[in-house]
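Undergrad: Structure in structure tokens, see below.
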Amino acid sequence: MEPSKEYLRRKLSEYYDKHSVLAPPRIDQREFGAGSDKKIDFRHLAFRDENTMNTYIRTSVPLYISYSAGYYEFPDKRPMARKNWQSADLIFDLDADEYETSCDHDASMVCDICMSRVTEEAVRLVEDFLIPDFGFSKGEIISVFSGNRGYHLHIRREDAQQLSQQGRKELLDYLSSRGLEPNALGFRMEGHLRGPSTAEKGWGGKIARHLSKLIAGGDAKELAKKAGVGLPSAKRIIANKHEVINGLEQGHWDKVNVRRDSWERAFKHVAASLSVKVDQGVTMDVSRLIRLPTSIHGGTGFVACYIRNLGKFDPLKDPIVLGTSVERVKGLKDMDVRLGDETIEFRAGKEMDLPEYAAYYGCAKGLCVVE
Ligand SMILES: [Zn+2]
């Protein structure tokens, strides 16, 4: 085993000796997977209760431990068909590398910019879609930090657990605004152009409200860019903005002389900008293994913790659980990393004393080695 990996496992072993990992609900129906070389070196593991799971973790000390979103009659049987799948939690996975940002670091790293972006998306998924459109309550949406650069939202309500792959795909299509047609959302000529009002539920209202907000901003160039309409149309809309906004409140879309196809283009453009990007495979795959909440992500040393308030979560501080005893490390790369309240300046060849959690993070990311 490489010296760094030995160090990482020693640190995790010390942690798991003092802390227990929480069992997921109905643990005896879940399949588990564990790995140290890869995220999952082997799967088809099963535990009857929290104690046996923790004994396994303390004995094997995997760098990564995952469990199934699915519930099975026989979770340890193989091949998969013999497990007898019963249902699966509904999972949404958001990862920082899905979004365009101005960061210029390696793909394996994260920073405040990309993590804020993914946090923002997770909040939008919950507040703009899962609660108002899919009808889940706040308490039914369990937010978990993935331990590295994203979030897993788990929904364990029975009707969600019973969803087929096709049903899950329809939810994803809704989130991505795929196939959204203005006509289906009420665009029609009734003497004048009618469309969804700002008060409406679902995509129609979301788009009308967003357009209304862009128009209220009063900047024609901004409106042209963000709504995908030509500048002359945008200028006409802004010149009559109070009337147009008033019209949108009533579902009247032709308070100003703008062609119907321009409005439809704006409609689709805004829909695309409001859609949420989640990892489609994770939601669709009802046999997927995902990080076990309250276990440590071996690639960072962060705990995959439950989150009470997503908007206030600090992914580079709140999941720090390893200790602060000092470790001497030698830098391998030049990189500044914020961890907790400090920025650690890793420099190739430079020796420094770091708190254990930072030494772990640096070693796991290949930024340093422990002396
Ligand atoms: Zn970044």
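Undergrad: I'd like to know if the range 76-84 contains one or more residues that are touching a Pro at 6+ places or on another chain (Cβ under 7 Å), more than 21 Å from Leu153 (Cα to Cα), more than 16 Å from the ligand (Cβ to nearest atom) and assigned by TED's automatic domain parsing to the domain that holds Thr300.
TA: Yes, the range 76-84 contains a residue that is touching a Pro at 6+ places or on another chain (Cβ under 7 Å), more than 21 Å from Leu153 (Cα to Cα), more than 16 Å from the ligand (Cβ to nearest atom) and assigned by TED's automatic domain parsing to the domain that holds Thr300.
Undergrad: Could you look through the range 71-101, keep only residues that are part of a loop (DSSP other than H, G, I, E, B), charged (D, E, K, R) and in contact with a strand residue (DSSP E or B) (Cβ under 8 Å, 6 or more places away or on another chain), and pick out the one that is surrounded by the most Cβ atoms within 10 Å (Cβ to Cβ)?
TA: The extreme case among them is Asp89.
Undergrad: Considering only residues that are assigned to a helix (DSSP H, G or I) and more than 11 Å from Met109 (Cβ to Cβ), which ones fall in the range 333-361?
TA: Glu356, Tyr357, Ala358, Ala359, Tyr360, listed by residue number.
Undergrad: Sort out for me the helices (runs of 4 or more DSSP H) sitting completely within the range 107-216 that have 2 or more residues that are within 16 Å of the ligand (Cβ to nearest atom).
TA: So the answer is 112-124.
Undergrad: Okay, moving on. Which condition from (1) without any contact (Cβ under 8 Å) to a residue 40 or more places away in the chain; (2) within 16 Å of the ligand (Cβ to nearest atom); (3) closer than 27 Å to Ile207 by Cα is the one that Glu98 breaks?
TA: (1)
Undergrad: Ok, one more. Could you grab the pairs with beta carbons closer than 9 Å, sequence gap of 6+ or different chains, first residue in the range 330-343 and under 16 Å from Tyr357 (Cβ atoms) and at pLDDT 95 or above, second one charged (D, E, K, R) and part of a strand (DSSP E or B)?
TA: Going by the 9 Å Cβ cut-off, the qualifying pairs are Val337/Glu345; Thr343/Asp336.
Undergrad: Same structure again: Give me a count of the residues in the range 129-162 that are under 14 Å from the mean Cα position of the chain (by Cα) and of a type in the set (D, E, K, R).
TA: Final tally of qualifying residues: 1.
The values are calculated or read from the model by the stated rules, or taken from the named source; none is laboratory data. Computed from a prediction, not measured in an experiment: that's the story for all the values here. Because the Cβ atoms are built from the backbone with ideal geometry, glycine has one as well, and the counts that use them run over all protein chains shown.
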